[in-house]
Amino acid sequence: MDSTLITMETIDELGELVGKKPEIAAITARAMRGEIDYPQSLRQRVSLLAGLDEDGLLEVYESRLQLTSGAETLLAACRRHGVKTLLVSGGFTFFVERLRKRLGIEYAIANTLEVSRGRLTGGLVGEMVDAEAKASKFRGIVKQLGATKEQTVAIGDGANDLKMMAEAGLSIAFHAKPVVRAQASCALTWSGLDGVLNLFE
């Protein structure tokens, strides 16, 4: 989701509401480049959100969240051709579920922020969505649909997408970090998400 389907990192924007965007953004950038352990980095970043009023989530969704150029064109083409879509995110269900419904995406997986008395606690609920969880969900949906690997595509931008991308017949690095571009089937660095359509007849 973050920096792929949408133009921002939601956790960085939430960080701004608690005056900690530079600290959180720096950790995010290091995690996406694969320089630090993703689960550890997520726990660090989420802990910095402790005390944020739950209304801040809606504020970010309504006033800051923007779809990446070409996102709706790509998803409309997928629907026309019967392609099922899965939105995976190390981000949060609050945003992912709203986008899934709004855009007609069939499947999704994300982390759930813990809330107590209307404020974020700085923790997560349930199992963390890390690189392995993304790959596992991808494999599970492929199996559920009875698809072959050759019938699948994965799009990502950060190091925590690499395991999932390795499961796909075609992996696309979208405006991605160097470590991701180096391992993907192909890379889109200048186009919008609709550029993916040019890879297919």
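No value in this document is a laboratory result; all are computed from the given coordinates. These numbers were taken from a predicted model, which means no experiment stands behind them. Neighbour counts are summed over all protein chains in view; Cβ atoms, including those assigned to glycine, are modelled from backbone coordinates with ideal geometry.
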* Measure nothing fancy, just the Cα-based angle from helix 38-47's long axis to the longest principal axis of the chain, in degrees from 0 to 90, nearest 10. => 40
* With +1 on each Lys and Arg Cβ and -1 on each Asp and Glu Cβ, and nothing else charged, work out how big the dipole of segment 71-201 is about its Cα centre, in Debye to the nearest 20. => 300
* What is the order of 69, 89, 136, fewest Cβ neighbours within 10 Å to most? -> 69, 136, 89
* Asked: With point charges of +1 on the Cβ of Lys and Arg and -1 on the Cβ of Asp and Glu, referenced to the Cα centre of the chain, which listed residue (31, 61, 120) lies farthest in the positive direction of the dipole?
  -> 31
* **Taking the convex hull of Cα positions in the chain, its mean projected area over all directions (nm²)** => 10.6
* Asked: Is it possible to state the helix-based mean residue ellipticity at 222 nm for the chain, with each DSSP H run of 4+ residues giving -39500 (n - 2.57), the sum divided by total residues, to the nearest 500 deg cm²/dmol? What is it?
  -> -12500 deg cm²/dmol
* Structure fact -> Diffing segment 150-165: the Karplus 3J(HN,Hα) column from phi (6.51, -1.76, 1.60, θ = phi - 60°), in whole Hz with x for Gly and Pro, holds 5, 8, 10, 9, 10, 10, x, 10, x, 4, 6, 9, 5, 5, 5, 4
* Structure fact -> Residues whose modelled amide H sits under 5 Å from the amide H of residue 6, counting only those 5 or more places away in sequence or on another chain, are 68
* Tell me, Kirkwood radius of segment 102-201 from alpha-carbon pair distances, in Å? -> 15.2
* Structure fact -> Net charge near residue 86 (other residues with Cβ under 10 Å of its Cβ; Lys, Arg +1; Asp, Glu -1) is +3
* Taking amide H positions as placed 1.01 Å from N in the peptide plane, with prolines and chain starts having none, which residues 5 or more places from residue 124, or on another chain, fall under 5 Å of its amide H? -> 114
* Under 24 Å between alpha carbons - lysine pairs in the chain that sit 8 or more apart or on different chains -> 21
* Asked: At q = 0.14, 0.15, 0.27 Å⁻¹, what log₁₀ I(q)/I(0) does a Debye calculation on the Cα points of segment 147-201 give, no solvent, two decimals?
  -> -0.32, -0.36, -1.07
